[in-house]
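Report on one structure; see the data block that follows.
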Amino acid sequence: MKIGRTIENDYLLEMLGIVKRYPGVNALKGINFRVKRNTVHCLIGENGAGKSTLIKILTCAERMTQGKILLDNKPFLGKTVKDAMNAGISTVFQELNIIDQLTVEENLTLGREHQRGGILLRNAPDPSFAVLKEFAPDIPLKARVSTLSFAQKQVVEIVKAVSADAKIVIMDEPTAALSRVESEGLYDIIRKLKANGITIIYISHILDDIFSIGDYATVLRDGEIVGTRSVPQTERSELIRMMIGKVVQSKYLPVKGKTDTPLLRVRNLTTSMIRDFSFTLNKGEILGFYGLRGAGKSETARALFGLDKIISGSIEIENKPVSITSPRKAMRYGIAMVPEERLTEGLFMKLSVKDNIASSNYRGISHAGIANKKKTRDRVEKLVNELDVRIHSIEQQARTLSGGNQQKVVIGKCLNASPRLLILDEPTRGVDVGAKEEIYSIIRKLARENVSILVCSSEYDEIAALCDRVVLIAGGRIITTLSNAELDSQRVRMLTMNKGVMT
Ligand SMILES: Nc1ncnc2c1ncn2[C@@H]1O[C@H](COP(=O)(O)OP(=O)(O)OP(=O)(O)O)[C@@H](O)[C@H]1O
Ligand SMILES: [Mg+2]
């Protein structure tokens, strides 16, 4: 600290009286958000609460309707994303911004060449290389990004964000796509960032994240701040109550409709990613697939939905052999899937909620090839209500929905197809605690209606709350299958860890 400089307060960032209105929505209603220097400040709240909007205003990706921002006690008047970056505000986006075809090195220097007088000085090492070495010595500079795991790509993205002389690094749901072990790796990196004097704003729905690394947590609800707490001095239940106004607890409820009649029988299913998968799924049963990211859960789901090529093995539906070579065929057999990469595979961002949901119905609504508009609208309205999607109109474009509400639309789209077999890959990723329960009860209701459900999840609490039986997977192979009563978190984690990923 320079002598003579008086520190007026220890806030690095103050966002004061922030208002953001979208047509039809008051996304932020006059928020005062203050972040202390050199802390990890979590921003939490229900889907649609306004978290991402607040961040978009800070990064100048959206213009605020009203309000002011102080950075280091000085007004921050940036207008463009570049202005924000130059002021030391960096973001790690969930849809990673790095380019698969380039190497790590090229990605790290990309966009910064011009800062060196228009010539890329190949001999002078970019300062980001040292940062990479410190944070992730195992990632080679020359590696092509396409060969890295998602977690490693994210580290490259973080290094890139930090190397731009960041004071504040913002992370919007960074662990959503990470396994437990990978999340721990990210926590370490965040602790290192903090040790290097960086302040972090961290958005997440995962309470484990918040309690592992958070110093402060601010809860947003309906565009307003409910309160800010020091995390180490706060109970989980209190944060949940602040978020949704009540305490929820997921508990396994055996579903009544469960039968012993198989709908799906899979024998020795083998693809390039999984080997010899054999299992049955009964009518009205909820079967879980549990394992780390890359273990083979999504890969099985993808094979059953005709997205990945089946090398050998057989699939029977209602005792008849079927050949599923494309999603179209899978849908014809009554299979629907909520994919893991829902934002790229599950939604048409520019279409309305109505058109997205209606796009999946291949029987039922259309009569002589012409969709009945009123029927479509009624059906979509019904699904939107059942799923409690927070929107002001079903004509709203999917891209204007909050992340969690987009997820519910993808589920709505699948339900609209009235499937016999519903495959859900990480169904509540990015969904808030309250909405999670809503999604669980919808899944249970479907099972009661005799739909067979396959849930792939890397969240132990999720399979324990939801599944009648659980198939444990590691390294592209099935380890064992347990009934819900046999589940034990320690044992399950032990069995699915450290088996390596099949390459
Ligand atoms: N471009 C837009 N046009 C209209 N409304 C929008 C737009 N972007 C966001 N909204 C609305 O603003 C509100 C706040 O959304 P925001 O994305 O900030 O929520 P969030 O807290 O990040 O939720 P989630 O946890 O689901 O990601 C929502 O009602 C959303 O539909
Ligand atoms: Mg969001």
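The values are calculated or read from the model by the stated rules, or taken from the named source; none is laboratory data. All values derive from a computational prediction rather than experimental measurement. We place every Cβ from the backbone using ideal geometry, glycine too, and count neighbours over all the protein chains shown.
Key figures for this structure:
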item: Helices (runs of 4 or more DSSP H) enclosed by region 1-110 - at least 1 residues per element that are acidic (Asp, Glu); result: 81-86, 104-109
item: Test for residue 341: is it under 19 Å from residue 410 (Cβ atoms), surrounded by fewer than 19 Cβ atoms within 10 Å (Cβ to Cβ) and of a type outside the set (Gly, Ala, Ser); result: yes
item: Residue under evaluation residue 316, criteria (1) surrounded by fewer than 23 Cβ atoms within 10 Å (Cβ to Cβ); (2) over 30 Å from residue 377 (Cα atoms); (3) charged (D, E, K, R); (4) at pLDDT below 95, criterion not met; result: (4)
item: Residue selected from region 426-448 under the condition assigned to a loop (DSSP other than H, G, I, E, B) and within 16 Å of ligand 2 (Cβ to nearest atom), by the criterion surrounded by the most Cβ atoms within 10 Å (Cβ to Cβ); result: 428
item: Residue, nearest to ligand 1 (Cβ to nearest atom), within region 46-69, restricted to residues that are hydroxyl-bearing (Ser, Thr, Tyr) and touching a helix residue (DSSP H, G or I) at 6+ places or on another chain (Cβ under 9 Å); result: 52
item: Residue satisfying all of: in region 36-53; surrounded by 24 or more Cβ atoms within 10 Å (Cβ to Cβ) and of a type in the set (Val, Ile, Thr); farthest from ligand 2 (Cβ to nearest atom) among these; result: 40
item: Cβ-Cβ under 7 Å pairs, at least 6 apart or on other chains, region 47-63 side farther than 21 Å from residue 167 by Cβ, far side near ligand 2 (Cβ under 9 Å from one of its atoms) and assigned to a loop (DSSP other than H, G, I, E, B); result: 47/402; 48/402
item: Filter result for residue 420 (within 23 Å of the chain's Cα centre (by Cα) and touching a residue at least 12 places away in the same chain (Cβ under 8 Å)); result: no
item: Test set (1) within 16 Å of residue 285 (Cα to Cα); (2) hydroxyl-bearing (Ser, Thr, Tyr); (3) surrounded by fewer than 22 Cβ atoms within 10 Å (Cβ to Cβ) - residue 452 fails condition number; result: (3)
item: Lone unmet requirement of (1) under 29 Å from residue 448 (Cβ atoms); (2) of a type in the set (Gly, Ala, Ser); (3) touching a Leu at 6+ places or on another chain (Cβ under 7 Å) for residue 298; result: (3)
item: Condition check for residue 170: of a type in the set (Val, Ile, Thr), without any contact (Cβ under 8 Å) to a residue 60 or more places away in the chain and within 16 Å of ligand 1 (Cβ to nearest atom); result: no
item: Leading residue by the ranking (modelled with the lowest pLDDT) among those in region 403-428 that are within 13 Å of ligand 1 (Cβ to nearest atom) and out of contact with any strand residue (DSSP E or B) (no Cβ under 9 Å at 6 or more places or on another chain); result: 404
item: Residues satisfying the stated conditions in region 391-407, i.e. part of a loop (DSSP other than H, G, I, E, B) and either within 12 Å of ligand 2 (Cβ to nearest atom) or under 20 Å from residue 341 (Cβ atoms) (or both); result: 401, 402
item: Boolean, residue 455 is in a strand (DSSP E or B), closer than 25 Å to residue 294 by Cβ, more than 16 Å from ligand 1 (Cβ to nearest atom) and touching an Asp or Glu at 6+ places or on another chain (Cβ under 8 Å); result: yes
item: Condition met for residue 337 (aliphatic (A, V, I, L, M) and part of a helix (DSSP H, G or I)); result: no
item: Yes/no for residue 72 being modelled with pLDDT under 90 and either away from ligand 1 (no atom under 16 Å from the Cβ) or assigned by TED's automatic domain parsing to the domain that holds residue 186 (or both); result: no
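Yes or no, residue by residue, for (1) closer than 23 Å to residue 426 by Cβ; (2) assigned to a loop (DSSP other than H, G, I, E, B); (3) in contact (Cβ under 8 Å) with a residue 24 or more places away in the chain:
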residue: 178; (1), (2), (3): yes, yes, yes
residue: 181; (1), (2), (3): yes, no, yes
residue: 187; (1), (2), (3): yes, no, yes
residue: 200; (1), (2), (3): no, no, yes
residue: 208; (1), (2), (3): yes, no, yes
residue: 226; (1), (2), (3): no, no, yes
residue: 241; (1), (2), (3): no, no, no
residue: 252; (1), (2), (3): yes, yes, yes
